[in-house]
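S.K.: Just passing along the structure, written as structure tokens.
Only the coordinates and a few stated rules stand behind these numbers; no lab work does. Computed from a predicted structure; not experimentally measured. Here the Cβ positions follow ideal geometry from the backbone for every residue, glycine too, while neighbour counts run over all protein chains shown.
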Amino acid sequence: MRRRVVAVALLAAVLLVAAACKAEEPPPPVPPTPGEATGLDGAAILQEKCTVCHTLERIDAAEYDDVGWAQVIDRMIEKGADVSTDEAAALAEHLSLR
Ligand code: HEC
């Protein structure tokens, strides 16, 4: 009888420790959204950096998804657009969601 009580107490202790360990596990990381992570204003960057060589009309006429815009922006950077990696991410997000 006494043995059984000890066994039950041990089991309870093991379960408690297991529960405590589980509670300490960090929550899974939330994948970042482009643009949200940079906190940059894509619309402002567009006005400032993308109207140097051509007007916004050229950009308004184009329709791409985020990957397509990232490729266009890369091409513009090759041509000489002064856009950082973070600015390019914010721009691609802004342009694909407008
Ligand atoms: C250094 C000059 C320059 C800057 C700055 C520039 N562009 Fe361009 N862009 C061009 C030239 C030249 C063309 C025409 C040739 C071509 O399409 O590759 C063009 C064409 C385009 C086109 C039409 C062609 C297509 O692929 O749809 C889009 C859209 C465009 N640019 C977007 C942008 C965006 C967005 C930015 C800001 C990141 C930007 N451009 C900044 C030079 C520039």
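S.K.: Test of understanding: express the Cα radius of gyration of the range 42-97 as a ratio to 2.2 N^0.38 Å, with N the residue count.
M.R.: Here the Cα radius of gyration is 0.97 times the empirical estimate.
S.K.: Continuing with the same structure: Roughly how many nanometres apart are two label points built 7 Å out from the Cα toward the Cβ at residue 86 and residue 66?
M.R.: Those two pseudo-labels are separated by 1.8 nm.
S.K.: Can you give the extra length, in nm with one decimal, that the chain gains between residue 97 and residue 54 once fully stretched, where that is 0.36 nm per residue apart less the Cα-Cα distance?
M.R.: Length difference between fully extended and current span is 13.3 nm.
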